[in-house]
Structures are given as C-alpha cells and as structure tokens.
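Report on the following structure.
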Amino acid sequence: MRRTLLAITMCALAAGGMSPARHDEHGKGGAHVKVLSRRDITEKLDGKKAKATAVEVTLAPGQVEAPHRHPGPAFGYVLEGEYEWAVDGNRPRVLKVGDTFYEPTGCLHGVGRSPGKKSKARFIAIVLHPEGAKDVVIPEKKK
C-alpha cells in the first residue's frame, strides 16, 4: 500500500509539474502549504468532472491544524517527523515517516498536529475534488 501511494504521488507530481505556492490555509499561525500539482482527471466524483490537487504540508514543532473537511477523498503520506491525526471523532494516531492516511469525502479532520517538540511534521496530501471546488480545505465552523 505504501509503495502504491508513493508511486501514485510521484506520477501525479511528474505529470503535473511543480507550481509551488505558499499560503496560510489553516492552523495556528498557518501551516506552510505548497501546491505541488493541480490537474484535471478523467475519473468523475458523483458524476461530475474532477481534479486532483497534491500539496506538501509542513507543520512546525507543536503546531496544530484547525479542524476542517475536504470536498473529496484525501490520501496522505508522511515524509518527515511525526503527524498526530484523527478523523470523525476517532482516537488520534501518531503517524511516522512512511505511514499513509485516508480521509473520506467530507469527514471532519478534527486532529492534525506535529507532536514533536523539536522536529517538524511534513506530509504530502492528494485531494480528489469536484472541478468547481473553490477550496480543497474547508474550515469547520465554530459552534
């Protein structure tokens, strides 16, 4: 599974070229998010044209992401450090280099943080989403 996800990630990056961008999408002080690729894909989501967006996310030691959702399924691969992660109220898991994760469409990504005190967390995420989706990260509304 890890090799398959890595192969898919590398193919997406090679096919898409690299168009880096830095912006604060979410989190305390904002995670460093670099868009690696944004491509049309032939598969459809719910019968609609779709895109795949690949990003590299870097969280500083102790940095916490704000709760959020994605408009399509997301697949991730941890490149560096440790990443504490949980969706839909499940118990958090600490993912290490080489670990993968999956987030179903629209699930609540309620826990995302770099638990290390000295090392950052860095991962690649690929989000499949409808062609017209404005954002691939949808902040959870505060109650």
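One table, with the values for the structure above:
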item: Considering only the range 25-143, percent of DSSP beta bridges that pair antiparallel, nearest 5; result: 100
item: Neighbour net charge for H109 - beta-carbon separation under 10 angstrom, K R +1, D E -1; result: -3
item: Local electrostatic count at Y83 - Lys and Arg +1, Asp and Glu -1, tallied over other residues with Cβ under 14 Å; result: -2
item: Neighbourhood net charge (10 Å Cβ-Cβ; Lys/Arg +1, Asp/Glu -1) for S119; result: +2
item: Of the GluC sites (Glu not before Pro) in the range 76-143, those whose Cβ has at most 12 other Cβ within 10 Å and which sit in DSSP loop; result: E131
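Values quoted throughout were computed directly from the atomic coordinates according to the rules given, and no laboratory measurement underlies them. Model, not experiment: these values are computed from the prediction. Ideal geometry is used to build each Cβ from the backbone, glycine not excepted, and the neighbour counts take in all protein chains shown.
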